[in-house]
Amino acid sequence: MAAPKRGRSASAPSKPGRSLALILIAIVALAGGMFASGHTTPRLGIDLAGGTSITLKAKADQGSAINKANMDTAVDIMNRRVNGLGVSEAEVQTQGNDNIIVNIPKGTNSKEAQEQVGTTAKLYFRPVLASEPSGPATKSPSPSASSKGGSSPKPGSSPSASASATEKATGSGKETASGSASPSASATSQGRAVTDALKADATPSPSGSASGSAKPSATPSAPAGDGSGADAKLQAQYAALDCTKPTDRANAGKNAKPGQPIVACGKIDDAWYKYLLGPAAVDGTEVKKAQAVFDTQGAAGWQVQMNFTSKGAKKFADITGELASKPQPQNEFGIVLDGEVVSSPYVRQSITGGQAEISGSFQQDEAQGLANMLSYGALPLSFQEQSVTTVTAALGGEQLHAGLLAGAIGLALVVIYLVVYYRGLSLVAMASLLVSAILTYVIMSLLGPAINFALNLPAVCGAIVAIGITADSFIVYFERIRDEIREGRTLRPAVERAWPRARRTILVSDFVSFLAAAVLFVVTVGKVQGFAFTLGLTTLLDVVVVFFFTKPLMTLLARRKFFADGHKWSGLDPKGLGAKPPLRRTRRPAGPAAGPVDPKEA
């Protein structure tokens, strides 16, 4: 077998049909997912679609001064709070010395974000002294073997630790979390929040337990105000509190100092409960981090994991050790935000180490919502909602129209250049640009509901800039092919030989563009991130389109007579490119052994 000639490299057989089929399947699958999800257009940012603008005014509270440091901290917490809820592209910025403006794009869960942004009071962990359903429409659970004694309280009955303990133990299903609940207890329809089980990440050491020094109640039926620190006035407020009434809920727990007991309301599975709570034991600022995680090993479902600061860890260990020896509900603590109990988990032991988790029958959105409140609930200042206005997209629409017009003009100029200079090859470039545009549009439409990506004006600019990056990749490949034809090669080998060199150039160029987009995305905030994200996305798509569409399409067209024969309108005419004549090897004269020798010459 003859060895391959020097200067030629054997290449793997090209199968362009597979690559074209693969990218076609990807487009169909993505487009099908887009139509199936119902999100057939990209989600627009507030500058294009409008939205809600909230103005908050800072108030000095409990010695907190209104200064730049506290205002910047509040802006950072609010920004993480609203975007932690999935409101992407939200803007939080200061205005003047004591105002904060929050802009939330239309089409997101702006109502929930508005509620949490407006809920600017501090977060506290308070021990539960008593708790029971509130309102005449609330049904009490039936007693079960896991109850602490007594019958279930009737709606509107006088508050007592006994009644509350019976209700909680019956309906909580808390023993289910530890693996010992009866079926009736776990199936009771009383709410989710009271079924939360607080567990330590690690088993506490005996020395860290405070249960030995805690004073257990002689009987769970002790009145809430007897030895609990609550006076007669507070008991009267608790007895009269009806959490089904909005006015009662609005007034409960308002303007109370951290060191005072309060009454509060909390909602559990669409039913309102009222609480009598002791002085704040842990401040929300002492929660270092909280996150929602899904427990795949213990089958506990969604959980909220908390990490405390060193100071908060000591306070939390003290209060949990104190509560662990008490009967329900006095072994619970209420997580109180703006006077409302958002969760009331119970404890069985002192939790040391500064780590804890809240588990129960959480849904994902419930766990994430509680984690957001724990992480971002504590603000250095109090804020009052000054105004809530609807932002129109008139100005943004005009700017978008101007931007799209500029993009259309730029695209038209690129197409004209391709047609004039590359002629038939311009069809390949335009087909590749069309595929890239389809992929960009479909993926942006899917990213809206998936990661809350919102298309703003800078993002549109990034997509327009990407037209030049994509066209540049085609030009690099076309010029490499033309160089091979100028060397005297035919089209089919020219297409294959040009690809390795063009591929390296394209990858290096796209890597530089993607690196610039990634750095810009990391070091910037707000709308500039939209530009960086779109630029990075379209750069990645450029690589996909060139590898899986442009190159295979050129391989197929090289087999067609119009391009293979170098038609003058193909853009690959050898004469028009000044191609050299094909190289031909000449044979050397044969030696003496090659044939007979003329006698005269001999």
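Pairing each residue of segment 440-451 that is within 14 Å of residue 462 (Cβ to Cβ) with any residue that is surrounded by 19 or more Cβ atoms within 10 Å (Cβ to Cβ) and at pLDDT below 90, provided the two are 6+ apart or on different chains, yields C-beta distances under 6 Å for 444/42; 447/453. Just the residues that are out of contact with any strand residue (DSSP E or B) (no Cβ under 9 Å at 6 or more places or on another chain), within 20 Å of residue 456 (Cα to Cα) and part of a helix (DSSP H, G or I), please, taken from segment 495-530. Passing the criteria: 514, 516, 517, 518, 519, 520, 521, 522, 523, 528, 529.
Take the conditions out of contact with any Lys or Arg (no Cβ under 9 Å at 6 or more places or on another chain), farther than 17 Å from residue 357 by Cα and either at pLDDT 85 or above or surrounded by fewer than 16 Cβ atoms within 10 Å (Cβ to Cβ) (or both) and apply them to residue 289. Does it pass? So residue 289 does not fit the description; no.
For segment 37-51, a residue qualifies if it is in a helix (DSSP H, G or I) and within 19 Å of the chain's Cα centre (by Cα), and the qualifying residues are 37, 46. Please indicate, with yes or no, whether at least one residue in segment 313-333 is under 27 Å from the mean Cα position of the chain (by Cα), among the hydroxyl-bearing types (Ser, Thr, Tyr) and in the same structural domain as residue 247 (by TED's automatic domain parsing). Checked segment 313-333: no residue is under 27 Å from the mean Cα position of the chain (by Cα), among the hydroxyl-bearing types (Ser, Thr, Tyr) and in the same structural domain as residue 247 (by TED's automatic domain parsing).
With respect to being in a strand (DSSP E or B), surrounded by 23 or more Cβ atoms within 10 Å (Cβ to Cβ) and out of contact with any His (no Cβ under 6 Å at 6 or more places or on another chain), residue 267 falls outside the description.
Selection of first residues in segment 468-497 that are on the phi > 0 side of the Ramachandran plot and of second residues that are not β-branched (Val, Ile, Thr), restricted to Cβ pairs under 9 Å at least 6 apart or on distinct chains, gives the following pairs, ordered by first then second residue: 488/574; 488/579; 488/580; 488/581; 488/582; 488/583.
Is it true that some residue in segment 239-248 is of a type in the set (Gly, Ala, Ser) and either closer than 25 Å to residue 371 by Cα or buried (at least 21 other Cβ atoms within 10 Å of the Cβ) (or both)? No: segment 239-248 contains no residue that is of a type in the set (Gly, Ala, Ser) and either closer than 25 Å to residue 371 by Cα or buried (at least 21 other Cβ atoms within 10 Å of the Cβ) (or both).
Return yes or no: is residue 356 part of a strand (DSSP E or B), of a type in the set (A, V, I, L, M) and surrounded by 23 or more Cβ atoms within 10 Å (Cβ to Cβ)? So residue 356 fits the description; yes.
The values are calculated or read from the model by the stated rules, or taken from the named source; none is laboratory data. Source: prediction; values computed, not measured. Because the Cβ atoms are built from the backbone with ideal geometry, glycine has one as well, and the counts that use them run over all protein chains shown.
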